[in-house]
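Colleague: A single structure is presented below for examination.
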Amino acid sequence: MSLSIGIHDLSIATGEFVLPHTALAAHNGTDIGKYHVGIGQESMSVTAADEDIVTLAATAAAPLIARHGTDRIRTLVLATESSIDQAKAAGIYVHSLIGLPSATRVVELKQACYGATAALQFAVGLVRRDPAQQVLVIASDVSRYDLDSPGEATQGAAAVAMLVGVDPALVRIEDPSGLYTADVMDFWRPNYRDTALVDGQESVGAYLQAVEGTWKDYTEQGGRTLEEFAAFCYHQPFTKMAYKAHRHLLNYCGRDTDPDTVTAALGETTAYNRVIGNSYTASVYLALAALLDQADDLTGKSVGFLSYGSGSVAEFFAGTVVAGYRDHLRTDAHREAITRRTEVGYDAYRALHEHRLPADGGDHATPAQTTGPYRLAGISGHKRLYATR
Ligand code: COA
């Protein structure tokens with residue numbers, strides 16, 4: 001009998017601050033309808049000066065450690081495209097902050113917004129090899145585009161931590177996967193830049209091509225039919241993209257694309273992304289969190305996942321929701337992560353966006369802003385210093 005492997009627990013974290021799109025619209029003279037309806041975003045998380053992908057990742061992962069301990073975790077994979085170091089894996093700082101044992105394998109994965117799906121699939125492989133082990137998969141990103149660019153409205157920040165193991169309490173990950181890779185320049189961030197470069201229209205088109213490509217391969221690999229899925233979790237750089245993607249998939253499959261059908265399929269998957277903004281690798285798993293936290297009973301139902309990472313790599317796969325999953329959700333904590341954010345105005349957001357850690361190798365404390373459990377306390381001799389509250 002084949003093993004049941006998947007997501008045993010899932011926890012999210014986001015930034016200290018939130019910028020409503022009304023403030024951005026007032027600054028740049030955009031009709032708010034473009035943000036609320038056109039791209040489907042209401043607000044975006046903004047990180048404090050003393051937050052980064054490490055503090056977000058540790059904040060997301062700590063509740064998993066508190067509930068399950070560290071005994072079975074032998075691998076931590078952190079996926080990000082807003083990396084803080086070209087050599088050292090960000091997960092090593094997280095490993096230390098959350099108290100994982102030294103007998104742990106830690107590595108960082110990158111392929112734009114797709115990275116966490118690679119991490120999840122690699123985790124499934126490791127667990128299949130040794131079912132006694134669990135893998136901690138963390139997606140953590142701070143999405144940052146240039147000020148006053150079209151991408152500015154699609155920023156955000158979040159982390160999702162997932163514990164992967166046998167007999168999962170939440171979602172069983174199924175074979176097969178539909179895969180798609182194409183060499184396109186829709187979004188990239190050269191090593192010398194802090195902000196990403198993006199060709200927005202190209203990226204929308206490349207994403208839709210990838211939807212087709214992954215579905216074609218998924219079908220050829222013997223996957224489920226469209227009708228077998230109760231909901232679809234798409235990567236959501238902005239929530240309207242999920243609607244575009246699902247309509248494209250329905251069209252490609254010759255199905256009806258009436259708005260009710262599309263809305264029913266996307267269900268509650270956009271609720272968190274709509275107020276958090278783009279969180280790159282975390283986005284598709286924030287969609288899952290929102291679905292599990294808010295949808296009617298999904299026991300035994302199949303969920304389709306479409307993970308897209310610019311450049312580009314995409315994967316379509318299915319997960320089946322496990323009986324009793326509701327007893328293991330962290331719905332209150334997830335809502336608290338969102339509602340606890342402090343609203344900032346445009347000027348404060350702009351100052352945070354422009355904040356940079358000094359690169360002179362000196363000793364520099366960061367302003368104490370975050371009220372979260374972990375903070376980036378400063379930098380000294382080019383070394384980042386983290387602290388636990
Ligand atoms: N009321 C309602 N809708 C409005 C509107 C208004 N007042 N004004 C514009 N819109 C709609 C447009 O019709 C368009 O809808 P459509 O996509 O269904 O045609 C949508 O709002 C966006 O308008 P657009 O002119 O395309 O916006 P833009 O040039 O600012 O680009 C993005 C939008 C998302 C491409 C841009 O923010 C971006 O580059 N983001 C980063 C890249 C990204 O997220 N890529 C996604 C793939 S990973």
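Colleague: Check off (1) touching a strand residue (DSSP E or B) at 6+ places or on another chain (Cβ under 9 Å); (2) surrounded by 19 or more Cβ atoms within 10 Å (Cβ to Cβ); (3) over 30 Å from residue 197 (Cβ atoms) for residue 293 and give me the number that stays unchecked.
Modeller: The number of the failed condition is (1).
Colleague: Continuing with the same structure: Would you point out which residue out of 213, 222, 205 is open to solvent by 30 Å² or more (accessible area, probe 1.4 Å) and within 16 Å of the ligand (Cβ to nearest atom)?
Modeller: So the residue among 213, 222, 205 that is open to solvent by 30 Å² or more (accessible area, probe 1.4 Å) and within 16 Å of the ligand (Cβ to nearest atom) is 205.
Colleague: Filter region 21-50 for residues that are more than 14 Å from the ligand (Cβ to nearest atom), open to solvent by 20 Å² or more (accessible area, probe 1.4 Å) and of a type outside the set (Gly, Ala, Ser) and give the result.
Modeller: The answer is 27, and nothing else.
Colleague: A follow-up question, please. Can you tell me which condition residue 68 does not meet? The list is (1) within 16 Å of the ligand (Cβ to nearest atom); (2) open to solvent by 30 Å² or more (accessible area, probe 1.4 Å), and all the others hold.
Modeller: Here residue 68 clears every test but (1).
Colleague: Taking residue 265 as the residue in question, decide whether it is in contact (Cβ under 8 Å) with a residue 12 or more places away in the chain, touching a His at 6+ places or on another chain (Cβ under 7 Å) and within 23 Å of residue 221 (Cα to Cα).
Modeller: It is true that residue 265 is in contact (Cβ under 8 Å) with a residue 12 or more places away in the chain, touching a His at 6+ places or on another chain (Cβ under 7 Å) and within 23 Å of residue 221 (Cα to Cα).
Colleague: Out of the residues in region 225-252 meeting the condition of being within 23 Å of residue 292 (Cα to Cα) and among the aromatic types (Phe, Trp, Tyr), tell me which one is farthest from the ligand (Cβ to nearest atom).
Modeller: In this case the residue turns out to be 229.
Colleague: Sticking with this one: Which numbered condition in (1) among the hydrophobic types (A, V, I, L, M, F, W, C); (2) closer than 26 Å to residue 52 by Cβ; (3) open to solvent by 60 Å² or more (accessible area, probe 1.4 Å) is the only one that residue 323 fails?
Modeller: The failed condition is (2).
Colleague: Moving on. For residue 247, indicate whether it is in a helix (DSSP H, G or I) and open to solvent by 30 Å² or more (accessible area, probe 1.4 Å).
Modeller: yes
Colleague: Just one of 158, 153, 169, 123 is in a helix (DSSP H, G or I), modelled with pLDDT of 95 or more and either more than 16 Å from the ligand (Cβ to nearest atom) or under 30 Å from residue 383 (Cβ atoms) (or both); which is it?
Modeller: Among 158, 153, 169, 123, only 123 is in a helix (DSSP H, G or I), modelled with pLDDT of 95 or more and either more than 16 Å from the ligand (Cβ to nearest atom) or under 30 Å from residue 383 (Cβ atoms) (or both).
Colleague: Tell me whether region 269-280 contains one or more residues that are buried (at least 24 other Cβ atoms within 10 Å of the Cβ) and assigned to a strand (DSSP E or B).
Modeller: Yes, there is a match, as at least one residue in region 269-280 is buried (at least 24 other Cβ atoms within 10 Å of the Cβ) and assigned to a strand (DSSP E or B).
Colleague: What is the one condition in (1) more than 16 Å from the ligand (Cβ to nearest atom); (2) crowded, with 24+ Cβ neighbours inside 10 Å; (3) under 27 Å from residue 266 (Cβ atoms) that residue 55 does not satisfy?
Modeller: (3)
The values are calculated or read from the model by the stated rules, or taken from the named source; none is laboratory data. What you are looking at is a predicted structure, and each value in this text was computed from that prediction instead of being measured. With ideal geometry, Cβ positions are generated from the backbone for all residues, glycine too; neighbour counts draw on all protein chains shown. Just the protein is used for accessible areas: all its heavy atoms, side chains included, with ligands, DNA and RNA removed. Shrake-Rupley method; radii C 1.70, N 1.55, O 1.52, S 1.80 Å.
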